[in-house]
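Undergrad: Below you'll find the structure I mean.
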Amino acid sequence: MAAPQLTQSILVVEDDPSIAELIAWALDDAGFAVRSAASVAEALRLCDQATPDLVVVDFLLPDGLGSDLICALRQRCLARVRAVVISAHPRAAELARSIDADACLRKPFDLDDFFSTVERLLLPVNAPPTGMLTD
């Protein structure tokens with residue numbers, strides 16, 4: 001994977017601590033600025049502090065749906081936030097499409113596929129969102 005620019009930040013929203021830690025560690029190791037949240041409310045607070053370049057969000061969270069979070073983040077942020085939905089939910093891809101998520105990865109996913117998706121969405125930084133889903 002090409003080296004990201006320092007300005008690229010990723011918000012990981014996942015309520016399973018082992019999955020959240022693995023994703024955050026891998027992204028941090030790749031050079032991204034990573035913040036993590038375990039709920040919709042926590043993710044919204046973090047977005048109010050700084051807008052991420054990409055949100056990686058589980059579909060089912062303890063206090064809401066990842067799709068609702070993406071819609072709320074896009075309403076709050078001036079720029080369109082790119083989003084990757086990660087889920088084992090059988091309708092995750094369909095619901096991700098309905099809110100125009102940029103990608104949907106079915107759990108368990110391969111880290112190479114995950115990084116290919118991140119790279120496609122973030123590099124180069126100024127490229128327009130693709131709106132293409134993978135599942």
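Undergrad: Give me the net charge for the shell around Val40: Cβ to Cβ below 11 angstrom, other residues only, Lys and Arg +1, Asp and Glu -1.
TA: Net charge around Val40: -4.
Undergrad: What does the net charge come to around Leu122 if you take all other residues with beta carbon closer than 12 Å to its beta carbon, with K and R at +1 and D and E at -1?
TA: -1
Undergrad: So which trypsin sites (Lys or Arg not before Pro) in the stretch 53-87 end up in coil per DSSP with only 13 or fewer other C-beta atoms within 10 Å?
TA: Counting only loop positions with at most 13 other Cβ atoms within 10 Å, the trypsin sites (Lys or Arg not before Pro) in the stretch 53-87 are Arg80.
Undergrad: While we're here: What does the charge add up to near Ala24, with Lys and Arg as +1, Asp and Glu as -1, over the other residues with Cβ less than 10 Å from its Cβ?
TA: Numbers: positive: Arg35; negative: Glu14, Glu21, Asp28, Asp29.
That works out to -3.
Undergrad: What are the ³J(HN,Hα) couplings of the stretch 100-109, residue after residue, when phi is run through the Karplus curve with 6.51, -1.76, 1.60 and θ = phi - 60°? Round to Hz, x for glycine and proline.
TA: With coefficients 6.51, -1.76 and 1.60, one gets 6, 5, 7, 7, 9, 10, 7, 6, x, 10 Hz.
Undergrad: Pick out, in residue order, every one of the chymotrypsin sites (Phe, Trp or Tyr not before Pro) in the stretch 52-127 that is DSSP loop and has at most 15 other C-beta atoms within 10 Å; say none if there are none. If you can, show how the numbers build up before the last one.
TA: Working: sites: Phe59, Phe109, Phe114, Phe115; in loops: Phe59, Phe109.
Qualifying residues, ordered by number: none.
Undergrad: On to the next question. For Arg82, list long-range residues whose amide hydrogen, built 1.01 Å from N in the peptide plane, is under 5 Å from its own amide hydrogen.
TA: Here the answer is Val55, since their amide H atoms fall under 5 Å of that of Arg82.
Undergrad: If you restrict to DSSP beta bridges whose two residues both lie in the stretch 9-122, what percentage is antiparallel, to the nearest 5? Provide the component values of the computation, followed by the final result.
TA: Values: 2 of 20 bridges.
Percent antiparallel among DSSP bridges in the stretch 9-122 is about 10.
Undergrad: Sort Cys104, Cys71 so that the residue with the fewest other Cβ atoms within 10 Å of its own Cβ comes first and the one with the most comes last. If you can, show how the numbers build up before the last one.
TA: Working: Cys104 24, Cys71 14.
Going from sparsest to densest Cβ surroundings: Cys71, Cys104.
Each value in this text was obtained by applying a stated rule to the coordinates, not by laboratory testing. Only a predicted model underlies this, so the values are computations on that prediction, with no experimental measurement involved. All Cβ positions, even for glycine, are placed from backbone atoms using ideal geometry, and neighbour counts span all protein chains on display.
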